[in-house]
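Note sheet for the following structure.
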Amino acid sequence: CFPDPLAASFVMCLKFETSFMQPVERAAVSRQHQDIVRQFLTESFILAVVGGVIGLGVAWLGIRIFNNAIAPTDPPFWINIGLHGDVLLFVLAITLLASLLAGGIPAWQASRSNVADVLKDESRGASSFRLGRISRALVVTEIALSAGLLVGAGLMIRSVTKIRTVDFPFAATEVFSARIGLPEAQYNTPELQARFFEELLPRLREMPGVESISLIQGLPSVGSPMSRFAVEGAEYQEDRDFPFTRSLLTAPGAFDVLRTPVLQGRGITEQDRAGSLPVAVVNESFAARFFDGDAVGRRIRMGGRDSQEEWRTIVGVVPDMYLAGLNGNEQTTAVYTPLAQGNARFMSVIARGRSGDPLSLTQPTREAVLGVDPDLPIYFVQTIRKAIDDSN
C-alpha cells in the first residue's frame with residue numbers, strides 16, 4: 001500500500017501543533033500558579049495587618065484602663081506603662097512573620113497541586129488545598145490556647161463572684177489603710193524598727209477625725225506571711241515536721257478597728273509589751289485544728305527546730321479572716337502576736353474615721369509618719385475593700 005500524501009501531511013501538521021502548544025500550556029499553568037500564590041500572600045498580609053492594628057488598639061485601650069485603675073494607689077514614678085517604640089517594632093515583625101506563615105505555607109502547597117484539582121475542589125465547596133500536618137497542628141494549638149483563655153476567664157469570674165458574695169467577719173469598706181516600709185539601710189536592727197513604731201503610734205492616735213487606729217503586718221483577705229511553729233507537748237523530729245501557719249504582728253486596737261469580735265479570752269492590749277509575758281491570739285481554725293477549740297491558756301512557739309523564740313501563751317481566739325486571700329478553698333490557721341514583742345519593717349496603718357470618707361485620713365497619716373521620719377512616704381493608700389478587690 002502506498003501512503004496517502006494528504007493523510008501524511010495532516011499527521012505532520014497535528015504533531016507540529018501539539019509540540020507548539022505544549023510550551024504555551026505550561027506557561028499558562030505557571031501563570032495560574034503564580035496568581036494563586038500571589039493571592040494567598042496578599043490575603044494573608046492584609047489579614048495580618050488588620051489583626052496587628054486591632055491588637056495595638058486593644059493594647060492601647062487596656063493600658064489606659066490599667067493606668068486609670070492603679071492611679072489611686074500612687075504607684076512609684078518608675079512604673080511607666082505604655083506603648084513604646086520597641087513594642088511597635090516587635091508587633092510589626094510579628095505581623096510580617098504571621099503573614100508569611102499564614103500565606104506562605106498554603107501558597108507553597110497550592111503551587112504543588114494541580115490547578116484543575118484545586119478548581120474542582122472549590123466547585124464542590126471545599127478548601128483550595130487539603131489540610132496538611134502543619135495546618136492541623138496550628139488548628140490544635142489555637143483550640144488549646146482558646147481553651148486555656150476560657151479557663152482563666154472562668155477562674156477570674158469565679159474569684160470576682162466570690163469577692164462580691166463572701167460575708168467578711170470584719171469591716172472592710174469603711175476602713176482606711178496605708179502601707180509603711182522602713183528602709184533596711186536606715187532601720188537595720190530590731191531596736192530601730194521597734195522604736196519607729198513606738199514613736200508613730202501615739203502620733204497616729206492624736207490625728208484629728210480618728211475614731212480608732214492601729215497597725216497590722218498584713219491586711220485581712222489580702223495575704224500574710226507564713227511561719228513554722230511548735231505546739232507545747234508535741235514532738236517534732238525534723239524541721240519539715242513543724243506545721244505552718246499565717247503569722248501577723250498586731251498593735252493594740254487592731255481588732256477594734258476591724259470590728260472583729262474576740263470569741264474567747266481577750267485581744268492584744270497595751271499590757272503586751274516587750275519584757276512582759278509573751279502572748280498570742282489565734283483564729284478559730286487554729287484553735288479547732290490544734291486544740292479541739294480549747295486554745296486559751298495553751299502555749300506555742302514560733303519558728304522551727306532551732307528557734308530561739310519564747311513560748312507564747314494563747315490569750316484569745318478571733319474569727320477566721322481569710323489571711324491566705326479569697327482564692328483558697330478553705331480558711332487557714334493564723335496567729336497574731338503583739339508588735340511590741342516582735343519586729344518588722346513593713347506594717348499597714350488601719351483606721352476608722354468619724355467622717356464618711358475613709359480616704360480623708362490620708363494627709364493626717366502622711367503628716368504623722370513624716371513627723372517621725374521626714375523622708376519616709378506612705379503608699380498603697382486605699383480602703384481595705386479596695387485592697388481586697390485588687391489582690392483577688
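Laboratory data are not the source of any read-out in this text; all were calculated from the coordinates shown. As the structure is a prediction and not an experimental result, all values here were calculated from the model. Using ideal geometry, Cβ is built from the backbone for each residue, glycine included, and neighbour counts are taken over all protein chains shown.
Observations, loosely collected:
- Alpha carbon convex hull of the range 224-269, volume per residue in cubic angstrom: 104 Å³
- Each label was represented as a point 7 Å from its Cα along the Cα-to-Cβ direction; for D389 and Q39 these points are 5.3 nm apart.
- The calculated FRET efficiency for the pair L150 and R259, based on their C-beta separation and a Förster distance of 51 Å, comes to about 0.80.
- If R0 is taken as 51 Å, the Cβ-Cβ distance between F66 and E232 corresponds to a FRET efficiency of 0.55.
- Given +1 at the Cβ of Lys and Arg, -1 at the Cβ of Asp and Glu and no other charges, the dipole of the range 291-392 around its Cα centre is 180 debye to the nearest 20.
- When peptides 186-195, 56-65, 312-321, 279-288 are sorted by average Cβ neighbour count within 10 Å, with the highest value leading, the order is 279-288, 312-321, 186-195, 56-65.
- Kirkwood Rh (inverse of mean 1/r, distinct Cα pairs), the range 329-392, angstrom: 14.5 Å
- Protection proxy ranking for 270-278, 299-307, using the average of other Cβ atoms within 10 Å per residue and placing the highest first: 299-307, 270-278.
- Look at the dipole of the range 241-392 built from charges on Cβ: of G371, N343, S276, the Cα furthest out on the positive end belongs to S276.
- Once the convex hull of all Cα atoms in the range 155-313 is built, its volume per residue stands at 176 Å³.
- Against the rule of thumb 2.2 N^0.38 Å, how large the Cα Rg of the range 267-392 comes out: 1.26
- For the pair F90 and E211, label points projected 7 Å from Cα toward Cβ lie 4.8 nm apart.
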